[in-house]
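Single-structure report; data block below.
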Amino acid sequence: MSHAAHLLEPEAPQEAADAPRPVPTSAGPADRAFDALLAGIGGLVLAVMALVGLFLLVRAWEALRVAGWGFVTTQAWVPESGNFGIAAVLTGTIVIAIIAIAIALPLALGTAVFISEFTRGRLQRTLINLVDLMAAVPSVVYGLFGFYLLQPGILVRGDEGDGLPRFLATYLGWIPVFQVEGDPRAATGTATVYTASAFIAGIVVAMMVTPIACSIMRESFSQAPVGEREGAFALGATRWGMIRTVVLPFGRGGIIGGTMLGLGRALGETIAVFMIISPIFEISIRILQVGTNSVSSLIALRYGESTQIGISALMAAGLALFALTLVVNFVASTAIARSRSGAVSDA
Amino acid sequence: MTAVLDDRAARTVVGTSPPPVPPPDAPRPIRGVRTSDVLEIVGAALAAISLTSLMFFVLTPFSGLLGYVVVAFVLFVSLYALLVSMDGNRPLVADRTAATIVVALAALLLIVLVTVIVFAFVRGRSALANLNFFVEDMRQAGPLQPLTDGGILHAIVGTLQQITIALVVVVPLGILCAVFLSEVSNPFSRFVRTIVEAMTALPSIIAGLFIYAALILQFGVPRSGFAAAMALAIMALPIVIRAGDVVLRLVPGTLKEAAAALGAPRWRIMWHVTLPTARSGLMTSVILGTARAIGETSPVLLTAGATTALNLNPFDGPQVSLPLATFNFTRSSEETFIARGFGTAAVLLVLVLVLFAAARAIGGRGPGELTSRQLRRRLQRSERDRARIEATGASGASSGTADDEGGPGR
């Protein structure tokens, strides 16, 4: 009864009839608690992520103080004598990652174009699932594949080390990157020169990052506007003409972002690289030759260090890797976000 | 009347008498396969294989499967382009060449995937064939013991316990954080999202190193299944948050607005509308995070220690997991240990495949889409509600409110 009276009341002043009723916007106590909980959880997740960097920094401090700038320029790794640095391992990490991306980029691009433009319906869904499944295969399984099948069975066969690395060293050896020690044409005993190299590690890492890059690219390709695709066809473009002029330019952000995301993964890959390479502590750009190194496999190799400084040095190496991947991932997510926002405005 | 009909008939006759012209609106066939297309492919393939075989087996000392395939493919692409160019223009040649290359790249990726998976099973089959592989640990089995001794029970148990502990942490934290990211939009939540996205690609060894630095060195937690589980949780958390954020955004806004219009506070909207609607997607995101964490080796390598014995207590003493056991086995040069390593990898793969299939089976549906069983149950509930409402309407005769949550006593 009083409710009805309340409703009638505002009708007295004629002008205010259309004014909106003030809606209470302040949340109830339960909702305020809910908001606080959510913000707290967000803060907690943020804190965990910040702690990762903080703990590494604190633990690495001693080693960084001992090594000084030499930490970036020294190739050796003898923490006990104070002579250690990440010049060799960081170079190795980057070399392996670049090889991996050089192989993964065309593979991922081709597969993404195939899935988004050449297939549809059930086949498309199956292929998307298969590529996603490939991303979920544990890295140790790729390591097994690389060490027990790819290297001895396909790339470096028999005593003479027949295969692609030997072929490259023989015919493209004049390029410094493809050089190896000794005569690549030597009849026997050359197999060991070509094993455990950055090249083979890079191929295995490429197989692991391709599916990740591929899904990002495929997603951005599938968002290419239908109107522009049909426009290209209406102007007489072939399918490839349409892909080249509509899909690829449209998905450029996805291509860059997917590649960078793959690069970030390649930089941090541990166990498969560790299983394949034979670690050396000097900068080597001869990618076909035995011996290379990476930050993550250094950590996996030496985590049992008993000395304080040894552990601290490993933390410092980990911190460097952490910073590097963080930068790469930020660039990647920016590129992907930009490609997505473009998709929204164009569609 | 008849005149008009006659006229029309006459016209029809006149229209059909000249040689039949195809109706002008019929679309030109643009799909389908022409004979010449097939012939071009078959011809180019035959020519490429013959030429390559000639080069490899007769003329020059080329050898190797990889080289054969590469040379054959290059020859095939060139010959195919040549054949197409004989009755097509340049755009057509470019189209066909590009299509060939794209199909070949996709096929290569699939071949690699199948090889990787099949290889683990083939090399591990000698270990997998023995039942003891699944029910014994490696305590009694030395390097020279045959495959009929010892197994990976300790690793299976370790993986299950570690992933369970990790999920206990990840599921509430991950889903609530995903809710936070999807529901709250302010600079703080955007910052959290940026950080979470960057952490998705956190190197796994760094997660292990962090737990090693924080829990083991700082707080003196022993190397154990628990420490490994924490490292796995750090790996899985960003994946679950990100995937969960995406599926929560797919919940139709109209549902939430309807609940708000009925006067529900936000936490009830979340609990009764948003989360149930996105349930399948959230489960998928959890499963994907699990699948990723379950296969991680390096965090476990740093935090779990090494043992060959079954350890049922994840909080004390070393405890290996399946990927770590695979890694440890295959570092040996004994043939039996390598076989065991591949067998372990195969078991791990089966686990990942099952998780993945589960994720796809659950997550294949959109938000709010129901399985036939859920639909049946919901229909039954709705039927009960109707009966109840009709009953109250008949007896009370004044008002029957349809409230899903209200019991029949209302």
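A quick yes/no check of all residues on (1) closer than 24 Å to B:ALA309 by Cα; (2) touching a strand residue (DSSP E or B) at 6+ places or on another chain (Cβ under 9 Å); (3) within 7 Å of chain A (Cβ to nearest Cβ); (4) at pLDDT 90 or above:
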site	(1), (2), (3), (4)
B:ILE111	no, no, no, yes
B:ASN130	yes, no, no, no
B:GLY150	yes, no, no, no
B:ILE163	yes, no, no, yes
B:VAL179	no, no, yes, yes
B:ARG193	no, no, no, no
B:MET199	no, no, yes, no
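Only one of (1) in contact (Cβ under 8 Å) with a residue 60 or more places away in the chain; (2) part of a helix (DSSP H, G or I); (3) over 30 Å from B:PHE226 (Cβ atoms); (4) not acidic (Asp, Glu) is not met by B:VAL169, so which one is it?
B:VAL169 satisfies all of (1) in contact (Cβ under 8 Å) with a residue 60 or more places away in the chain; (2) part of a helix (DSSP H, G or I); (3) over 30 Å from B:PHE226 (Cβ atoms); (4) not acidic (Asp, Glu) except (3).
Quick check: is even one residue across region A:287-296 at positive phi and small (Gly, Ala, Ser)?
Step one: of region A:287-296, the residues at positive phi are A:291.
Then drop every residue that is not small (Gly, Ala, Ser), which leaves A:291.
There is at least one residue in region A:287-296 that is at positive phi and small (Gly, Ala, Ser).
Conditions (1) in contact (Cβ under 8 Å) with a residue 24 or more places away in the chain; (2) in contact with a helix residue (DSSP H, G or I) (Cβ under 6 Å, 6 or more places away or on another chain), marked per residue:
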{"position": "B:ALA48", "(1), (2)": "yes, yes"}
{"position": "B:LEU51", "(1), (2)": "yes, yes"}
{"position": "B:LEU59", "(1), (2)": "no, no"}
{"position": "B:TYR80", "(1), (2)": "yes, yes"}
{"position": "B:ASP87", "(1), (2)": "yes, no"}
{"position": "B:ALA94", "(1), (2)": "no, yes"}
{"position": "B:LEU105", "(1), (2)": "no, yes"}
{"position": "B:ILE111", "(1), (2)": "no, no"}
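Out of region B:166-188, which residues are polar (S, T, N, Q) and crowded, with 20+ Cβ neighbours inside 10 Å?
We begin by selecting, within region B:166-188, every residue polar (S, T, N, Q); these are B:182, B:185-186.
Correct list: B:SER182 only.
Check A:ALA136 against each of (1) more than 18 Å from A:VAL273 (Cβ to Cβ); (2) touching a residue at least 40 places away in the same chain (Cβ under 8 Å); (3) among the small types (Gly, Ala, Ser); (4) within 10 Å of another protein chain (Cβ to nearest Cβ) and name the one condition it does not meet.
(2)
Take the residues of region A:278-307 that are touching an Asp or Glu at 6+ places or on another chain (Cβ under 7 Å) and not β-branched (Val, Ile, Thr): which is farthest from the other protein chains (Cβ to nearest Cβ)? Even if it seems obvious, please write down each step before you answer.
Residues of region A:278-307 touching an Asp or Glu at 6+ places or on another chain (Cβ under 7 Å): A:289, A:296, A:307.
With not β-branched (Val, Ile, Thr) added as a condition, the list becomes A:289, A:296.
Values: A:GLN289: 19, A:SER296: 4 Å.
It comes out as A:GLN289.
Which residues, taken from region A:114-132, are surrounded by 19 or more Cβ atoms within 10 Å (Cβ to Cβ) and either of a type in the set (A, V, I, L, M, F, W, C) or at the interface with another protein chain (Cβ under 9 Å from one of its Cβ atoms) (or both)?
Of all residues in region A:114-132, those surrounded by 19 or more Cβ atoms within 10 Å (Cβ to Cβ) come to A:114-117, A:127-128, A:131.
Correct list: A:PHE114, A:ILE115, A:GLU117, A:LEU127, A:ILE128, A:VAL131.
If the requirement is being farther than 27 Å from A:LEU172 by Cβ and within 14 Å of another protein chain (Cβ to nearest Cβ), which of these qualifies: A:GLY236, A:GLY231?
That would be A:GLY236, the only listed residue that is farther than 27 Å from A:LEU172 by Cβ and within 14 Å of another protein chain (Cβ to nearest Cβ).
Any idea which residue in region B:215-230 is nearest to the chain's Cα centre (by Cα), counting only those that are closer than 13 Å to B:LEU302 by Cβ and within 11 Å of chain A (Cβ to nearest Cβ)?
The residue in question is B:MET230.
Run down B:VAL135, B:VAL116 and say which single residue is within 22 Å of B:SER321 (Cα to Cα) and more than 7 Å from chain A (Cβ to nearest Cβ).
Working: B:VAL116 fails: more than 7 Å from chain A (Cβ to nearest Cβ).
On inspection, the qualifying residue turns out to be B:VAL135.
Scan region B:140-149 and tell me whether some residue there is of a type in the set (S, T, N, Q) and within 29 Å of the chain's Cα centre (by Cα).
Step one: of region B:140-149, the residues of a type in the set (S, T, N, Q) are B:140, B:145, B:148.
Cutting the leftovers down to within 29 Å of the chain's Cα centre (by Cα) gives us none.
Checked against the condition, which is being of a type in the set (S, T, N, Q) and within 29 Å of the chain's Cα centre (by Cα), region B:140-149 yields no hits at all.
Give the residues of region A:214-223 that are out of contact with any Ser or Thr (no Cβ under 6 Å at 6 or more places or on another chain) and either crowded, with 24+ Cβ neighbours inside 10 Å or at positive phi (or both), sorted by residue number. Walk me through it before giving the result.
Start the filter on region A:214-223 by keeping residues that are out of contact with any Ser or Thr (no Cβ under 6 Å at 6 or more places or on another chain), which leaves A:215-217, A:219, A:223.
Those that are out of contact with any Ser or Thr (no Cβ under 6 Å at 6 or more places or on another chain) and either crowded, with 24+ Cβ neighbours inside 10 Å or at positive phi (or both): A:ILE216, A:MET217.
Please list, ordered by first then second residue, the pairs with beta carbon atoms under 9 Å, 6 or more apart or interchain, first in region A:29-54 and touching a residue at least 24 places away in the same chain (Cβ under 8 Å) and over 19 Å from B:VAL170 (Cβ atoms), second among the aromatic types (Phe, Trp, Tyr) and crowded, with 20+ Cβ neighbours inside 10 Å.
Taking only residues 6 or more apart or on different chains, the pairs are A:GLY53/A:PHE322; A:GLY53/B:PHE210.
Go through region A:232-248 and give me each residue that's farther than 17 Å from A:THR111 by Cα, free of Cβ contacts under 8 Å to residues at least 12 places away in the same chain and surrounded by fewer than 20 Cβ atoms within 10 Å (Cβ to Cβ).
Listed by number, the residues that qualify are A:PHE233, A:ALA234, A:LEU235, A:GLY236, A:ALA237, A:GLY241.
Which numbered condition in (1) in contact with a helix residue (DSSP H, G or I) (Cβ under 9 Å, 6 or more places away or on another chain); (2) over 26 Å from B:LEU109 (Cα atoms); (3) in contact (Cβ under 8 Å) with a residue 24 or more places away in the chain is the only one that A:PRO176 fails?
Of the numbered conditions (1) in contact with a helix residue (DSSP H, G or I) (Cβ under 9 Å, 6 or more places away or on another chain); (2) over 26 Å from B:LEU109 (Cα atoms); (3) in contact (Cβ under 8 Å) with a residue 24 or more places away in the chain, the odd one out for A:PRO176 is (1).
Considering only region B:193-212, state which residues are buried (at least 24 other Cβ atoms within 10 Å of the Cβ) and over 22 Å from the mean Cα position of the chain (by Cα).
B:ILE205, B:ILE206, B:ALA207, B:GLY208, B:LEU209, B:PHE210, B:ILE211, B:TYR212
Check B:GLY220, B:GLY244 and return the single one that is part of a helix (DSSP H, G or I) and in the same structural domain as B:SER204 (by TED's automatic domain parsing).
Working: B:GLY220 fails: part of a helix (DSSP H, G or I).
When all the criteria are applied, what remains is B:GLY244.
Here are some residues: A:ILE98, A:ILE94, A:ILE86. Which one is under 19 Å from A:ILE283 (Cα atoms), among the aliphatic types (A, V, I, L, M) and buried (at least 19 other Cβ atoms within 10 Å of the Cβ)?
Numbers: A:ILE98 fails: buried (at least 19 other Cβ atoms within 10 Å of the Cβ); A:ILE94 fails: buried (at least 19 other Cβ atoms within 10 Å of the Cβ).
Checking each option against the conditions leaves just A:ILE86.
Can you name the residue in region B:319-355 that is crowded, with 21+ Cβ neighbours inside 10 Å and assigned to a loop (DSSP other than H, G, I, E, B) and is also nearest to the other protein chains (Cβ to nearest Cβ) among such residues?
Result: B:SER321.
Please go through region A:316-329 and pick out each residue that is at the interface with chain B (Cβ under 7 Å from one of its Cβ atoms) and over 11 Å from the mean Cα position of the chain (by Cα).
Of the residues in region A:316-329, the ones at the interface with chain B (Cβ under 7 Å from one of its Cβ atoms) are A:318, A:321-322, A:325-326, A:329.
Within region A:316-329, A:GLY318, A:LEU321, A:PHE322 meet the criteria.
Might you check whether a residue that is in contact (Cβ under 8 Å) with a residue 40 or more places away in the chain and not in a helix (DSSP H, G or I) occurs anywhere in region B:113-126?
Within region B:113-126, none of the residues are in contact (Cβ under 8 Å) with a residue 40 or more places away in the chain and not in a helix (DSSP H, G or I).
Condition first: surrounded by fewer than 24 Cβ atoms within 10 Å (Cβ to Cβ) and among the small types (Gly, Ala, Ser). Now tell me which residues in region A:288-299 satisfy that.
A:GLY291, the sole residue that qualifies.
How many residues, within region B:278-306, are more than 27 Å from the chain's Cα centre (by Cα) and surrounded by fewer than 21 Cβ atoms within 10 Å (Cβ to Cβ)? It would help to see each step written out before you state the result.
In the first step, residues of region B:278-306 are kept if they are more than 27 Å from the chain's Cα centre (by Cα); the result is B:302-306.
Checking the rest, the ones that are also surrounded by fewer than 21 Cβ atoms within 10 Å (Cβ to Cβ) come to B:305-306.
Within region B:278-306, residues that are more than 27 Å from the chain's Cα centre (by Cα) and surrounded by fewer than 21 Cβ atoms within 10 Å (Cβ to Cβ) number 2.
Please work out which one of (1) under 28 Å from the mean Cα position of the chain (by Cα); (2) within 11 Å of chain A (Cβ to nearest Cβ); (3) more than 25 Å from A:LEU321 (Cβ to Cβ) is the condition B:TRP267 fails and give its number.
(1)
Scan region A:152-167 for residues that are farther than 15 Å from B:ALA120 by Cα, out of contact with any Gly (no Cβ under 6 Å at 6 or more places or on another chain) and not acidic (Asp, Glu) and jot them down.
Across region A:152-167, the qualifying residues are A:PRO152, A:ILE154, A:GLY158, A:GLY161, A:GLY163, A:LEU164, A:PRO165, A:ARG166, A:PHE167.
The values are calculated or read from the model by the stated rules, or taken from the named source; none is laboratory data. This structure is a prediction, so every number in the text was calculated from the model and none was measured. Neighbour counts run over all protein chains shown; Cβ positions are idealised from the backbone, glycine included.
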